[in-house]
Amino acid sequence: MLPQAYHHDRLTPRAGSTHLCAALHQAGQLAEPNEIFNPRGPAGQESQRRQVSLFSDYIASFAAGPDETFIFKTCWQDVAPLAPALTRLFPDLHVVYLTRRNDAAQAVSAFKAEVTGEWHRRQGAAAADTLTEADFSMKRILTIHALHAMDRRGWAGWFAAQSISPLRLVYEDFEADVNIALRVLVPALGLKLRQEVPPDTGYEKLADRLSQDWTQRLLGRLLNLS
């Protein structure tokens, strides 16, 4: 399970899970890991594809999949209602906790995605409209930053309550080469996947000079420098 990321009052962690899941798929996972508990689209689409209406049938259907190991990703907001029962639903649950070291850059990334509608960009795909300084909103970015902190607290509380020590990955450690994450993930979880994929696997990095400028402004505000 890969804890993932809101639109307005919903959380969008922007922790690099989509990039990592694309790499897992490229490394041999038959189904690219998805947000199966995301009610904002993926869960409905997945239940329709699996032709199930009951939650019990929905969960059971994943055990009948072609992959020997079932991998999914989620954010705390989506999984919180199920959290007390999660280890019973998935008795052999292994948790990979993906975070970002630079939480200011993470908040700016989520804000830019909200404004442009471009959450991800496949390698070689056309870019969305360019943002300008006029699009900047410190109020909204601070709200996103607070939501990300709430997400982290939710996971920390659940880990403590369940006595779970997740495998921890930090986005900045593998953003330049996703193979760095695969080399840790694959053997640690006993996955029958390759530990090396082509360097251009996954998604392009969307951060730019404007991202850097806005991140510095946010840091200044958080540190009461502006």
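The values are calculated or read from the model by the stated rules, or taken from the named source; none is laboratory data. On a predicted model such as this, the values are computed, not experimentally measured, just so you know. Cβ atoms come from the backbone with ideal geometry, glycine included; neighbour counts cover every protein chain shown.
General remarks:
- Matching residues, region 62-75, being within 15 Å of Ala43 (Cα to Cα) and either hydroxyl-bearing (Ser, Thr, Tyr) or in a helix (DSSP H, G or I) (or both): Phe62, Thr74
- Residues in region 150-178 that are out of contact with any helix residue (DSSP H, G or I) (no Cβ under 8 Å at 6 or more places or on another chain) and over 25 Å from Ala107 (Cα atoms) were compared, and the one that is modelled with the highest pLDDT is Ala160.
- Residue selected from region 187-214 under the condition in a loop (DSSP other than H, G, I, E, B) and among the aliphatic types (A, V, I, L, M), by the criterion farthest from Gln123 (Cα to Cα): Leu191
- Of all the listed residues (Lys192, Lys139, Lys205), the sole one being of a type in the set (Lys, Arg) and within 23 Å of Asp92 (Cβ to Cβ) is Lys192.
- Going through (1) under 28 Å from Ala27 (Cβ atoms); (2) touching a Pro at 6+ places or on another chain (Cβ under 9 Å); (3) small (Gly, Ala, Ser) one by one, Ala161 falls short only on (1).
- Test: residue in region 140-159 that is more than 22 Å from Asp78 (Cβ to Cβ) and not hydrophobic (A, V, I, L, M, F, W, C): no
- Annotation for region 151-167: at least one member residue is outside any helix (DSSP H, G or I), in contact with a strand residue (DSSP E or B) (Cβ under 7 Å, 6 or more places away or on another chain) and closer than 20 Å to His94 by Cα.
- Looking only at region 87-118, and only at residues there that are farther than 30 Å from Arg217 by Cβ and over 18 Å from the mean Cα position of the chain (by Cα), the one that is surrounded by the most Cβ atoms within 10 Å (Cβ to Cβ): Phe90
- Only residues that are loosely packed, with under 14 Cβ neighbours inside 10 Å and not charged (D, E, K, R) were counted across region 126-136, and they come to 5.
- Verdict on Pro13 being under 12 Å from the mean Cα position of the chain (by Cα) and modelled with pLDDT of 85 or more: no
- Looking at Ala181, Ala176, just one residue is within 23 Å of Leu98 (Cα to Cα) and buried (at least 16 other Cβ atoms within 10 Å of the Cβ), and that residue is Ala181.
- Selection within region 137-150 - assigned to a helix (DSSP H, G or I) and either surrounded by 13 or more Cβ atoms within 10 Å (Cβ to Cβ) or touching a Phe, Trp or Tyr at 6+ places or on another chain (Cβ under 9 Å) (or both): Met138, Arg140, Ile141, Leu142, Thr143, Ile144, His145, Leu147, His148, Met150
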